[in-house]
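Below is one structure, written out as structure tokens, with a few remarks after it.
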Amino acid sequence: MAEIAGDTPGEFILGPIEAAADPAEIAAFRAALGSTAPEPPPTYPIVWLARPALRAALDRALGGRFLPIHESQSFDYERPLKAGGRYVLTGVARRESAPDRLILTAEAQEADGGAMAVRLRSVLRLVEIAGNEKK
Amino acid sequence: MTLPAPGEKLDEIPIGPFDATAVAAYARASGDDNPIHLDPALAASVGFAAPPVHGMRLMAEIGPALAAWRPDLAIRRLAGAFAEPLLVGEPAKLAARVLKREADSVLLRVTIQGPRRGPCLVAEAVLAPGSAAA
């Protein structure tokens, strides 16, 4: 994936990365929630933040001594996610201090045509844990 | 179709308790393998009697609750702040109330309350007529 430092210190541009709404992954996510609904659960896009390419970039942005604590999360949906759909995820991670936080904003657009599907914003508090590996 | 009016409430819904197996299943399915949710020793090192359930696992309870209440409405926005932890083995309750009605949408406040004084999750959801947005 492309990952370059932004114009602002402490800001990292993330992506674009491919973010398919994989039917098997959606099924596993639904199963973990005990959901029987046919459509992707509203919080399903959170799995994209765990994609190896995105995590690797976030890990580089964080450094190696932090336990991230999820403080808040938002999803703004522009159109239904389609199981089997292909999306492109782009975002920005911004590091803040006092308190130490990472704020990630991202958006997923349909790979075909570029229509906006969902916007995400995650706020992670970074807790320094000596001797423990971070997430 | 009539949109719900401010003040309208959902009946409280019991949530959990989540056991370690359920938390591990969510970690696998979501990719969020943060050890704070999976490692009792690490959780204890930061003062928790048991690992905290993923906040996102709690937020995931909101969609089905709102869909069961008003299947004719779809979520257009879901946003929440994670406050008190809900630890493995602890029960909680989901409550929701309509705060505001616009011409074509409603804003709800949704809370998930565990056994501690403060809520585990304070969220807002915007619903509008239509099929599921996500």
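Just so you know, all these numbers are worked out from the coordinates, no wet-lab data involved. Values in this document were obtained by computation on a predicted structure and should not be read as measured data. We place every Cβ from the backbone using ideal geometry, glycine too, and count neighbours over all the protein chains shown.
Each Lys or Arg adds one and each Asp or Glu takes one away; over the other residues whose Cβ falls under 14 Å from the Cβ of A:Lys82, this sums to -4.
Label zone of B:Glu12 (point 7 Å out along Cα→Cβ, amide N under 15 Å): in segment B:70-97 this covers B:91-97. For chain A, the normalised intensity computed at q = 0.10, 0.20 Å⁻¹ comes to -0.34, -1.21 (log10 of I(q)/I(0), Debye sum over alpha carbons, equal scatterers, no solvent). When chain B is treated as a Gaussian network with alpha carbon springs shorter than 10 Å, the biggest mean-square fluctuation among B:Gly89, B:Gly31, B:Gly80 belongs to B:Gly31.
In segment B:6-102, inverting the average of 1/r over every pair of distinct C-alpha atoms gives 14.8 Å as the Kirkwood radius. Loop exposure criterion: trypsin sites (Lys or Arg not before Pro), DSSP state outside H, G, I, E and B, at most 14 other Cβ atoms within 10 Å. Applied to chain B, the longest stretch between such sites is B:1-115.
Structure remark: mean-square fluctuation, Gaussian network model of chain A, C-alpha springs under 10 Å; the largest value among A:Ala37, A:Ala27, A:Ala53 belongs to A:Ala37.
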